[in-house]
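K.L.:
Sharing a structure with you now.
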Amino acid sequence: MRSFKPAFAAAAVSLLLSGCSLAPAYKRPAIAVPATYKELPNGWTLAQPAADAPHTAWWESFGDPVLNGLESQIETGNPSLALAVARFDQAVGVLHQDRAALFPTIGLSSSAQRDRASGNRPLTLNPTPQTYNDYTAGASFSWQLDLFGQIRNSVRAGKFEAQATAADLAGVRLGLQTSLATAYFQMRGLDAQEELLRQTVDAFQKAYDLTVTRHDGGIGSGLDVSRARTQLSSARAELSDVHATRATFEHAIAVLVGVPASSFSLAPDARLGEPPAFPTSTPSTLLQRRPDIDAAERRVAEANARIGVARAAIFPTLSLNGAAGYETTGAGLLKTASSFWALGPAAAALTVFDGGARAAQVRISRAEFTEAAATYKQTVLNAFREVEDDLALGRDLTTEEHDGSDAAKAAEQTLDLALTQYRDGATNYLDVVTAQTAALQAELTLLNIHTRRLTTSVDSVRALGGTVGR
């Protein structure tokens, strides 16, 4: 047993050395985080940070059962989400593959064969053929000792990449959810426009019939009839255009839920609910919870670990090999006399000259770290911009809708007065046409504003990382 002591001592020293790592100490890139959002509108409150809180079904806040059902289909039906899941699984597989290099490779083998040695073989003292059996059973191992942390930093880099890919997956899921909700509310806005235009076509038809009656009675002019017919035909054309646009959003929703557009349809519904006033997280929580920020930060950590991998490649590698087992030419394979073992060689390898290739790789890895850090900072800046944009837009659209509602009411009153005066012969039909056009435009504008409020509320969910409502 004494012969084992030097080998075990060398292995112990190697294990102590394996604590060495050449990767720089990682620090998250510094970002100046404001205390609150500048454009926070009235009615929106700051929620308490909840970094460990799970993502909620935020779309349920809109109170639309059809939307709830569609959102549930994304998880099982959307190919883009399945693609992101596959990429995450690949990243986890690479991590496990890299982690396996930390451990020795152990193999088992056995053989049974009958051999005949040539009688004319060289350097033999017995020039006669020899026939014998050869039975072996044993195990072998090989182990690359991680003296300078090359393997461990590769594992760390793989772990950070897997975490980044998980954040990518969360980002894809949130993006699909918000894209679906946005398309859905745009489609419902068009449903409301279709309903308005159908009512308008009916009203314009009655106005046209009135001009024809007055013309036939010798009261109205042919010009009035022509103007009324123009208004009616224009409204019908706009109704067809809205119907066609509505179909494109319905087809987009079909793709998002993973259903062929040819076999997917949603019944029209002109009702538009109010967008909920979501509580929003603090700016510091945004850094923790927004998926693209999380992914960018993890890739900075990965690039930092890659520096350690590149630096370790400059130093020598050391591997340890061994084997043990039994061998015999006859009976008694498992007897002590048939045993054998070997420890070594302990192989060391060092590249002396490579034309600066390894030094260049270190410079590349440092530049990649700088690039990843810059990408992280840019992602954070874009995130704050998107949040502020949506907060400002949501606030101003609320004011705009209030003013638009007043404008629509005034335009409707103007139209009623113009029609009354036309029936009484106090004005010509041009005033009616002008009032009809203004009233219709005011109503369509009001519907567009309300639809934008809904879609802006959805985009705020995306900008805040899907963490509103907590």
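The values are calculated or read from the model by the stated rules, or taken from the named source; none is laboratory data. This one's a predicted model, so the numbers in the text were calculated from it and none came from an experiment. Cβ placement follows ideal geometry from the backbone for every residue including glycine, while neighbour counts extend to all protein chains displayed.
K.L.:
Which of (1) charged (D, E, K, R); (2) within 49 Å of the chain's Cα centre (by Cα); (3) farther than 28 Å from ARG289 by Cβ is the odd one out, the single condition ASP424 does not satisfy?
P.N.:
Evaluating ASP424 over (1) charged (D, E, K, R); (2) within 49 Å of the chain's Cα centre (by Cα); (3) farther than 28 Å from ARG289 by Cβ leaves (2) as the failure.
K.L.:
Scanning the stretch 110-128 for residues that are surrounded by 11 or more Cβ atoms within 10 Å (Cβ to Cβ) and touching a strand residue (DSSP E or B) at 6+ places or on another chain (Cβ under 6 Å), which turns out farthest from GLY330 (Cα to Cα)? Give the derivation first.
P.N.:
First, the residues of the stretch 110-128 that are surrounded by 11 or more Cβ atoms within 10 Å (Cβ to Cβ): 110, 117-119, 121, 124.
Of the ones still in play, those that are also touching a strand residue (DSSP E or B) at 6+ places or on another chain (Cβ under 6 Å) are 110, 117.
Working: SER110: 15, ALA117: 17 Å.
Looking at the filtered set, the residue picked out is ALA117.
K.L.:
Does the stretch 337-360 contain at least one residue that is outside any helix (DSSP H, G or I), surrounded by 17 or more Cβ atoms within 10 Å (Cβ to Cβ) and either touching a Phe, Trp or Tyr at 6+ places or on another chain (Cβ under 6 Å) or aliphatic (A, V, I, L, M) (or both)?
P.N.:
Step one: list which residues in the stretch 337-360 are outside any helix (DSSP H, G or I), which gives 339-356.
Cutting the leftovers down to surrounded by 17 or more Cβ atoms within 10 Å (Cβ to Cβ) gives us 343.
Adding the requirement that they be either touching a Phe, Trp or Tyr at 6+ places or on another chain (Cβ under 6 Å) or aliphatic (A, V, I, L, M) (or both) leaves 343.
Yes, there is a match, as at least one residue in the stretch 337-360 is outside any helix (DSSP H, G or I), surrounded by 17 or more Cβ atoms within 10 Å (Cβ to Cβ) and either touching a Phe, Trp or Tyr at 6+ places or on another chain (Cβ under 6 Å) or aliphatic (A, V, I, L, M) (or both).
K.L.:
Does the stretch 391-399 include one or more residues that are at pLDDT below 95 and basic (Lys, Arg)?
P.N.:
Scanning the stretch 391-399 turns up at least one residue that is at pLDDT below 95 and basic (Lys, Arg).
K.L.:
Now a separate question. What's the number of the condition LEU81 fails, among (1) among the aliphatic types (A, V, I, L, M); (2) in contact with a Leu (Cβ under 8 Å, 6 or more places away or on another chain); (3) over 21 Å from LEU180 (Cβ atoms)?
P.N.:
The single condition LEU81 does not satisfy is (3).
K.L.:
Among the candidates LEU67, LEU108, which residue alone is outside any helix (DSSP H, G or I) and modelled with pLDDT of 75 or more? Even if it seems obvious, please write down each step before you answer.
P.N.:
Working: LEU67 fails: outside any helix (DSSP H, G or I).
Result: LEU108 is the single residue among LEU67, LEU108 that is outside any helix (DSSP H, G or I) and modelled with pLDDT of 75 or more.
K.L.:
Can you tell me which residue within the stretch 138-158, out of those that are surrounded by fewer than 21 Cβ atoms within 10 Å (Cβ to Cβ) and not hydrophobic (A, V, I, L, M, F, W, C), is farthest from ALA57 (Cα to Cα)?
P.N.:
GLY138
K.L.:
A further question follows. Across the stretch 401-433, what is the number of residues that are hydroxyl-bearing (Ser, Thr, Tyr), modelled with pLDDT of 95 or more and surrounded by fewer than 17 Cβ atoms within 10 Å (Cβ to Cβ)? Lay out the reasoning, then the answer.
P.N.:
In the first step, residues of the stretch 401-433 are kept if they are hydroxyl-bearing (Ser, Thr, Tyr); the result is 405, 414, 420, 422, 427, 429.
Of the ones still in play, those that are also modelled with pLDDT of 95 or more are 405, 414.
Then keep just the ones that are surrounded by fewer than 17 Cβ atoms within 10 Å (Cβ to Cβ); that gives 405.
Adding up the residues that qualify gives 1.
K.L.:
Here are the criteria: (1) touching a residue at least 60 places away in the same chain (Cβ under 8 Å); (2) within 31 Å of the chain's Cα centre (by Cα). Tell me which single one GLU194 does not satisfy.
P.N.:
The one condition GLU194 does not meet is (2).
K.L.:
Restricting the search to the stretch 70-105, which residues are loosely packed, with under 12 Cβ neighbours inside 10 Å and outside any helix (DSSP H, G or I)?
P.N.:
PHE103
K.L.:
Answer yes or no as to whether LEU343 is in contact with a Gly (Cβ under 9 Å, 6 or more places away or on another chain), of a type in the set (A, V, I, L, M) and over 26 Å from ASP168 (Cβ atoms). Spell out how you get there, then give the answer.
P.N.:
Working: in contact with a Gly (Cβ under 9 Å, 6 or more places away or on another chain): yes; of a type in the set (A, V, I, L, M): yes; over 26 Å from ASP168 (Cβ atoms): yes.
The answer is yes for LEU343.
K.L.:
Right, here's the next one. Restricting the stretch 290-336 to residues that are in a loop (DSSP other than H, G, I, E, B) and touching a Lys or Arg at 6+ places or on another chain (Cβ under 8 Å), which is surrounded by the fewest Cβ atoms within 10 Å (Cβ to Cβ)?
P.N.:
So the residue we want is ILE314.
K.L.:
For the stretch 239-247, does any single residue satisfy the condition of being within 18 Å of VAL66 (Cβ to Cβ) and touching a residue at least 60 places away in the same chain (Cβ under 8 Å)?
P.N.:
Going residue by residue through the stretch 239-247, those that are within 18 Å of VAL66 (Cβ to Cβ) are 246-247.
If we keep only those that are touching a residue at least 60 places away in the same chain (Cβ under 8 Å) too, we end up with none.
Within the stretch 239-247, none of the residues are within 18 Å of VAL66 (Cβ to Cβ) and touching a residue at least 60 places away in the same chain (Cβ under 8 Å).
K.L.:
Among the residues of the stretch 220-236, is any surrounded by fewer than 19 Cβ atoms within 10 Å (Cβ to Cβ), outside any helix (DSSP H, G or I) and either in contact (Cβ under 8 Å) with a residue 24 or more places away in the chain or more than 30 Å from the chain's Cα centre (by Cα) (or both)?
P.N.:
yes
K.L.:
Residues in the stretch 112-125: is at least one part of a helix (DSSP H, G or I) and among the small types (Gly, Ala, Ser)?
P.N.:
Quick first cut of the stretch 112-125, residues part of a helix (DSSP H, G or I) only: none.
So far as the stretch 112-125 goes, no, none of its residues is part of a helix (DSSP H, G or I) and among the small types (Gly, Ala, Ser).
K.L.:
Of the numbered conditions (1) of a type in the set (A, V, I, L, M, F, W, C); (2) at pLDDT 95 or above; (3) under 30 Å from VAL172 (Cβ atoms), ALA277 fails exactly one; give the number of that condition.
P.N.:
All conditions pass for ALA277, except number (2).
K.L.:
Related question: State which residue pairs qualify: first residue closer than 25 Å to ALA157 by Cα and inside the stretch 372-385, second residue among the basic types (Lys, Arg) and in a helix (DSSP H, G or I) in any location, beta carbons under 9 Å apart, and separation of 6 or more residues or different chains.
P.N.:
So the pair list comes out as ALA372/ARG299; THR375/ARG299; TYR376/ARG299.
K.L.:
Of everything in the stretch 59-81, what is closer than 16 Å to ALA277 by Cα and free of Cβ contacts under 8 Å to residues at least 12 places away in the same chain? Give them in sequence order.
P.N.:
Step one: list which residues in the stretch 59-81 are closer than 16 Å to ALA277 by Cα, which gives 59-64.
Across the stretch 59-81, the qualifying residue is only GLU60.
K.L.:
Another question, if that's okay. So, in the stretch 159-214, of the ones that are of a type in the set (Phe, Trp, Tyr) and closer than 23 Å to THR245 by Cα, which residue ends up surrounded by the fewest Cβ atoms within 10 Å (Cβ to Cβ)? I'd like the intermediate steps shown before the answer.
P.N.:
Restricting attention to the stretch 159-214, the residues satisfying the condition of being of a type in the set (Phe, Trp, Tyr) are 160, 184-185, 204, 208.
Subset that is closer than 23 Å to THR245 by Cα: 184-185, 204.
Working: TYR184: 26, PHE185: 26, PHE204: 23.
Among them, the one singled out is PHE204.
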